[in-house]
Each structure stands twice: as C-alpha cells, then as structure tokens.
Amino acid sequence: MEQIVLQSPFDMHLHLRDGEILESVAKFTAQSFSGALVMPNLNPPILNVEDALAYQKRILKACGDENFNPMMSLYLTEKLDKKELQKAKEKDILFIKLYPKGATTGSENGVSEILNTKILEILEIAQELGLILSIHGESNGFVLEREAEFHAVFAELAETFPRLKIIFEHLSDRRSIAVVEKYDNLYATLTLHHISLSLEDVIGGALNPHCFCKPILKTPKDKDALLQIALSAHKKFSFGSDSAPHLQSNKENAKGAAGIFTAPILLPALATLFETHKSLENLENFISGNAQKIYGIRATDKQVKLIKKPMTIPQVIEGIVPLYAGKTLAWSFG
Ligand code: DOR
Ligand code: ZN
C-alpha cells in the first residue's frame, strides 16, 4: 500500500486548554507531532514562567509521551518585565504571545494599545534576549478588514526591532503575504482551515459554527493564495494548526465560541490536500523543515507513517466537533 513517512512534524500554533479538555485532546497532537507551540490564552492566562512550567507539566502528563515537546509561551501584558523575561529564557520558554485586547477567544487580558511605551520596552528586552514574538494580528475594525488594518503595526514593530523574530500568526488575507515577504524578521504560520476553506463554508449555506474562527475565513481567492504558499513550502511560512477545541455545546448555542478543532485529523488532511494539488513532496518542509529553520528548533527522530487508505472523520470527538466531520480523507494514520 502506498505510504509516506513524515519526519518530525511540528505544530507551531496550538490551543490545548486545561483540565478535562486538555486531558482529552493532548494525545492527538502528541501522536502526530514532535512538538508544538502551546498558546497561553487560558482563563486565567499564562502570565509568568512559574505558571507556564506548571502548565507544561500538566500537558506532558495529559499526553503521556515524554518525548513530545510542548514549547511554552507567555501571554504579553504590561506586567511582564526584564526579570521575568530573563527567567523565561533560562527555562527555555522562548515565545511571547501578543493578543490585541478583545480580538479573539481569551484575549480579555490582551494589549489595548500595542505601541505604547511599556509594551515597546518589553519588546526591546525580548529582542535583546532573542525571544520570539508571536502576534494575533487583527484590529478591532470591520471583520473582513481586521487583518489588513493590522499591517501597519507589523511594519512598525518589524522596523523598530529588526533583530526580533516576529510571527504573523494564522494568515487569512492574501494581502498579508507581501507584508511577510517585505521584512526579514517577519515570518508567518498557516492553518489547515485557512488554506482549505473560505467564508462560503461558514455562511454560504446553513450557518456552520464549526468553521467559525478568528481571524474569520476570507474569500476563495485568499484561500487559494495562502494554499499556494503552503504547497510551495515558502520558507517564511510554517504550519501552525491553531487547533482550538470548544465543546460542541459552546459552539452551537448562543455562546458562538470562535475556534476550529483540527488536532486529530491534521496530517491525513494535509497529505490529502497536498496530494490533490500534486505537491506531496513539499509537505515535509511545510510541517517540519521550515519550522526548524524559522524557530531554530531541532528535528527529533519521531516518524509518522501515513497510508493511502480512506479515513472517515467522526461527527464528534471527545465532545468536540472536528473540522471535516463526516467527510472522508484519502490518507489515514498507518
Ligand atoms: O478562532 C480562534 N480561536 N482564534 C484564536 O485566535 C483563539 C482560538 C481559541 O483560543 O479558541
Ligand atoms: Zn490561536
């Protein structure tokens, strides 16, 4: 049977939550990936090194695989200071995550004025320490323009801190590609959903809350342009799933939680997508090689085997509706 072996995949943007949900979802990522960059937007958020290390322990326990590497991030607020950032570096916590206040799930404690003196001071220290700044890049303007309206902030930060590595997370708008290409210190992640779906899938038929996320899926042209970047394994872009589990009830009732759960299906879905577009040979760079170079992380000896055998995705997994529920992929785990 036809098969592929993927060497040391990384998911560079992941929500694992805490408590029961963490216990039920961690294994999906640990089975498929060597490591993942874990987002800090818990409730309350991960604001300091002590909390990040405690959370990392809970993650390792939940996934039951000590070879899995959960790379931790700190939630950026004005309370971060030099001492804490130095401690982070010592403990190998190399990422800080900037959420504009109110932009998405768990951003209530985010930054309301990004270019203020205190935040700029923190970023200066992050630059000196060689930390990596990960950004949810959206303004609070009209929903389809939010990412584009944020470009000026990326430009300002990339120019002010030329030695700071900045990650433009989950690109959703094709106009953002040129911004990433323009600045040497700016990189990006791409999700499975933003390269395979558009707003049509959210509101084109019956409203589909399971395709609702922030940034919102955009036009088919945006999807196609981002897909081409992924298929060519463009060196400035790595894979970050933004898998964001919310219980089915919290997606379907009036809460309307934003976030798409993809962790259990990622590699078979990516293999199916890349094969459909005759680009299977670039998949490993997209999910591993690029991340190693961009983030300076090392491959592990983990190998994930996929086989050319149909895989039908369950309607519900651990109380959560996954992306592509009920659909059949061409590839499955070997
Ligand atoms: O749709 C989203 N869900 N976007 C985010 O940025 C956060 C995520 C979540 O935590 O649920
Ligand atoms: Zn996210």
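The values are calculated or read from the model by the stated rules, or taken from the named source; none is laboratory data. Since the structure is predicted, the reported quantities are computational estimates derived from the model, not experimental observations. Note that each Cβ is placed from the backbone with ideal geometry, even for glycine, and that neighbours are counted across all protein chains shown. In case anyone asks, the SASA skips ligands and DNA or RNA and just uses the protein heavy atoms, side chains included. Shrake-Rupley method; radii C 1.70, N 1.55, O 1.52, S 1.80 Å.
For the chain, what relative contact order do you get, as a whole percent, if you take Cα pairs closer than 8 Å and at least 6 residues apart?
19
Report, to the nearest whole %, how much of the accessible area of the range 183-334 belongs to carbon and sulfur atoms, 1.4 Å probe, protein only. Mind showing how you got there, number by number?
Details: 3210 of 6160 Å².
The computed percentage sits at 52.
Got a sec? Charge dipole of the range 75-184, +1 on Cβ for Lys and Arg, -1 for Asp and Glu; which of Leu144, Leu129, Leu98 is way out at the positive end?
Highest projection toward the positive end goes to Leu129.
Can you tell me the order of 306-315, 163-172 when each peptide is scored by its average per-residue count of other Cβ atoms within 10 angstrom, highest first?
So the order, starting with the most tightly packed, is 163-172, 306-315.
Relative to the longest principal axis of the C-alpha atoms of the chain, give the angle of the C-alpha long axis of helix 151-160, reported between 0 and 90° and rounded to the nearest 10°.
Approximately 50 degrees, to the nearest ten.
Once R0 is set to 35 Å, what does the formula 1/(1 + (r/R0)^6) return for the Cβ-Cβ distance between Lys61 and Lys308, expressed as a FRET efficiency to the nearest 0.05?
Plugging the Cβ-Cβ distance into 1/(1 + (r/R0)^6) gives 0.50.
In square angstrom, what is the accessible area per residue of the chain with a 1.4 angstrom probe?
On a per-residue basis, the chain sits at 42 Å².
Take every DSSP beta bridge with both residues inside the chain and express the antiparallel ones as a percent of the total, to the nearest 5.
Roughly 25 percent of the DSSP beta bridges within the chain come out antiparallel.
Going from most exposed to least, what order do Asp301, Asp242, Asp51, Asp65 have by accessible area with a 1.4 Å probe?
Asp301, Asp51, Asp65, Asp242
Nothing charged except the Cβ atoms of Lys and Arg (+1) and of Asp and Glu (-1): what's the magnitude of the dipole of the range 11-266 about its Cα centre? Round to the nearest 20 debye. Walk me through the intermediate numbers first.
Working: 28 positive and 34 negative charges, 47 e Å.
That gives the range 11-266 a dipole magnitude of about 220 debye.
What share of Cα pairs, in percent, lie more than 36 angstrom apart in the range 11-266?
Percent of Cα pairs beyond 36 Å in the range 11-266: 7.
Can you tell me which of 246-252, 79-85 comes out highest on packing, and rank the rest after it, using the mean Cβ neighbours within 10 Å?
Result, highest mean Cβ count within 10 Å first: 246-252, 79-85.
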